[in-house]
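Structure record follows, encoded as structure tokens.
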Amino acid sequence: MQKIIVTLALMLASQLLSAQSAGETRISFVLTPQISWLKSDMDVVENKGSQLGYNVGLIVDRFFGDNYAFTTGITINASGGKLGYPALVQGQSSIPAQQQTYKLRYLEIPVGLKLRSEDMHRFNIYGRFGLSPQINIMAKNKDDNKIADEVKLLDLGYHIGGGVEYSLGGRNALMVGILFNNGFFDTTDRNGFDDKAILNRLVFEFGFIF
């Protein structure tokens, strides 16, 4: 199911980029600090802290009206979190309680819609919402040891947020906003725990529109 959803999202992103409508296309370079954390559906698996990271890349807006656009792009985001696992007994052996730090890096291809207001003295307000499929390209613990076997390859969530754009003249503008990303899929694959730990992110978006 995860592969089907991500494949459909990638196909939609490709179609948006190759669309031949008469609308304007704008490309934004974004460099965004973010706070991320993991949340398990098992009460015994506790959230032990958040992770500071970043999201950097390109966002493409393809307008199909004066104030409406399809949005996609490609970014690299560094995220993660900390989870505390209780002691576990397996047969004749036992595993003591442990805390794991997940330092994750993903290739993200967001797909969604952007709604933008009319210009107000060089400013306008925008809102964004859609899906955030991503592929894990790095997973390490607090000691920078690889833990790819504890992290699932694919992840999917939704994003919603908004901000303001300030025109610099012509097509160029500055963009400042905030996005909340909420995960749908289980992110971790911890041995002995059949829980669902989703990845959440609060993204502070800064960008330059070309």
Q. Residues in the range 161-210 that are of a type in the set (Asp, Glu), in contact with a Ser or Thr (Cβ under 6 Å, 6 or more places away or on another chain) and over 20 Å from Tyr54 (Cα atoms): how many?
A. 1
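Here's a check for you: in the range 134-156, which residue that is aliphatic (A, V, I, L, M) and in a loop (DSSP other than H, G, I, E, B) is nearest to the chain's Cα centre (by Cα)? Full working, then the answer.
In the first step, residues of the range 134-156 are kept if they are aliphatic (A, V, I, L, M); the result is 135, 137-139, 147-148, 151, 153-154, 156.
From the residues that got through so far, the ones that are in a loop (DSSP other than H, G, I, E, B) too are 147, 153, 156.
Values: Ile147: 20, Leu153: 14, Leu156: 8 Å.
So, considering only residues that are aliphatic (A, V, I, L, M) and in a loop (DSSP other than H, G, I, E, B), the one nearest to the chain's Cα centre (by Cα) is Leu156.
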Q: List the strands (runs of 3 or more DSSP E) that sit entirely inside the range 24-133 and contain at least 3 residues that are open to solvent by less than 60 Å² (accessible area, probe 1.4 Å) and in contact with a helix residue (DSSP H, G or I) (Cβ under 9 Å, 6 or more places away or on another chain).
A: 68-85
Q: State whether one or more residues within the range 153-162 are of a type outside the set (Val, Ile, Thr), farther than 20 Å from Asn77 by Cβ and surrounded by fewer than 19 Cβ atoms within 10 Å (Cβ to Cβ).
A: no
Q. Residues of the range 170-184 being farther than 15 Å from Ile35 by Cα and open to solvent by less than 30 Å² (accessible area, probe 1.4 Å), which ones?
A. Ala173, Met175
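The values are calculated or read from the model by the stated rules, or taken from the named source; none is laboratory data. Computed from a predicted model, the values in this text were never measured in an experiment. Glycine also receives a Cβ, built like all others from the backbone with ideal geometry; neighbour counts cover every protein chain displayed. When the accessible area is computed, the model is the full protein with side chains, heavy atoms only, and any ligands, DNA or RNA have been set aside. Shrake-Rupley method; radii C 1.70, N 1.55, O 1.52, S 1.80 Å.
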